[in-house]
1. Answer rounded, prolate or oblate for the range 351-429, using the Cα gyration tensor with square roots of eigenvalues a ≥ b ≥ c: rounded when a/c is under 1.5, else prolate when a/b is larger than b/c, else oblate.
2. Please arrange Arg529, Arg274 by counting, for each residue, the other beta carbons lying within 10 Å of its beta carbon, fewest first.
3. 7 Å from Cα along Cα→Cβ at both Asn472 and Asp93: what's the point-to-point distance in nm?
4. Calculated from DSSP H runs of 4 or more alone, at -39500 (n - 2.57) each and per residue, what is the 222 nm mean residue ellipticity of the chain, nearest 500?
5. Taking the Cβ-Cβ separation of Lys524 and Arg433 as r and a Förster radius of 35 Å, what is the calculated FRET efficiency to the nearest 0.05?
6. What is the distance in Å between the Cα centres of the range 331-362 and the range 146-214?
7. Distance from the Cα centre of the range 530-578 to that of the range 74-123, in angstrom?
8. What is the diffusion coefficient of the range 187-356 in µm²/s, taking the Kirkwood radius over Cα pairs and the Stokes-Einstein relation at 4 °C with a viscosity of 1.567 mPa s?
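Since every read-out is calculated from the coordinates, none of them should be taken as a lab result. Here the structure is a predicted model, which means the values were calculated and not measured. All Cβ positions, glycine included, derive from the backbone under ideal geometry; neighbour counts span all protein chains shown.
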Amino acid sequence: MNRQRKWLVSLLAVVMLAGLLAGCGGKKNDGNGGGNAGGSQTSANSGGTGDGSGDSLEPITFTFYGADASPNWQNMQDAVGRAITEATGVTLDAEFEVGDPAQKIALIAASGDYPHLISPKGDLGKLVEAGAMLDLTDLIEQHAPNIKKLFGDQIKRLRYSEEDPSIYVIPTYAEVGQTYFDAGGGFQLQHRVVKELGYPSIRTVKDFENAIREYLKKHPTDENGNPNIGLSLNADDWRMYISVTNPAFYTTGGPDDGEYHIDIDTYEVTYHFRREIEKEYFRWLNHMNAEGLLDKESFVQKYDQYLAKIASGRVLGLIDQRWDFQDGENALKAEGKFEYGYGHYPVTLTEEFKETSFWPVGFSPGWGVGITVDCPDPVRAIKFLDFLASEEGQILDNWGIEGEHYVYDEDGKRVIPDEITERKKNDPTGFQRESGIGLYHNLGAHYGDGVLDSTGNYYTTNFPDQIVATYNEVEKETLAAYGATTWKDLFPSEDEFPVKPWGAAWNIQIPADSELNVLQERMKEITWRRIPEAILAPPEDFDRIWDDYQQELLKAGVEKMEDEYEKLVKARVKLWNE
């Protein structure tokens, strides 16, 4: 953004904030509970009002756009949503992306007409350049005690850049104090597959391949005569990263830094597809295709078709993240077909590599929710976000409503009743739509798994005992056969890797006017064309296609792209350590 435009936007934000603060002087509570329509009142300690001023909670609606899909969203008419509205007076007129969020954000930025709240994921730079975002620094300082408490001395990591230290978003994709107790990634095989084969070791791609091949030999079709599918990939739009390209570094010892590999000591950046070892991963996928073990529709099917195949029970293996395929798996669970569900295995190219899903990044903010210059009441908006960051807000998001979704036992521990646990296991989609639990997670800042609240209970329900309680009996049987209690037990742990000083590089914000944006788009276009071509080619053509791919990257400026991204990595390390 040029200096003049940035100065004007900052001045506008100051003027708006001053006016709103003055306006709030007439909204003090009169002591009679005269707040929202229901007359309910939330104490400052709960985070409902943030600054303890006793402001009334008059009903207000904010528009919101989220770059992630939220198929179970019920317009805050679920149990948790109603409780949040009661505590804050806020409802959201929300839109969640179902297509390409980058295109949508670009349109929003260009339009000059912004939703009041926005979660743009990796495209924040476009909105900052357009002058769409408010600097939240003063709003947090004056009205968001829960956000300040949650981030503590890590709040400096919320700054946008060294040149622009503004805080434009509250991180919602990064957890404070996170400890991982379970795995949702890796390579997936149906429980019926490993059971019939006597629970073989699933450690390398060859192990994974052999399990699929052997099961298909015995069961080429399902009970209705439809062909079973060995391995299906999800290559629909951005999900290409998750199911097709990211596994190339997970299986070859590289951590998840988006499209780059970064040297832990020198910070040297390489477009990860230029690592010679990753060529061998894609050669294996080419081999799977030649063997007839790869779904022929992997690169043409749409996301809903992919989920429908999973829901049919015919897909034996996946390479994906649970959050991406769980709607299909949930349909199987709702029908009681638990043996068609999936286990998670730490598969690598060969045994010399460690699977890197749990490579630690420390606290690594970047993506989150911000308030735009079109918001009619930034103070109410920041107090809403502050409530979500409060203890009360996080318990609502993770646990639901006391007496309805959880109770306290005689020792003061939160406990989920058996009937609720069964609903979460057997009909997770229906349960979430009704309860709203988890639907507000990417709307607010939060502590991670393993962090205790003021009562000595975990903020989240993802701790070992509760995780095990949510497993169905088929999952438990599979895990027991592999000598594990949770799926994470099978994976290399965090302490086997050094913490990355730049955090997660995939959430580094790129300035909107940087040539890096053009270069990245160019490399993506080449990669998304060449990778499927290489996988689907006759094996004898694989090396030629791969070599042509590498030459095309060089001609398109991949080395310049690497150099520019390396500057951003080094800048982040400097910013975080000032």
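1. Details: a/c = 2.22, a/b = 1.09, b/c = 2.03.
Taking the square roots of the gyration eigenvalues as a ≥ b ≥ c, the range 351-429 is oblate.
2. Details: Arg529 12, Arg274 17.
Least crowded to most crowded, the residues run Arg529, Arg274.
3. 4.1 nm
4. Values: 21 runs with 233 residues, N = 578.
The per-residue figure over the chain is -12000 deg cm²/dmol.
5. Working from the Cβ atoms, E equals 0.55.
6. Computed from Cα coordinates, the inter-centre distance equals 11 Å.
7. Going from one Cα centre to the other spans 33 Å.
8. Stokes-Einstein gives a translational diffusion coefficient of 79 µm²/s.
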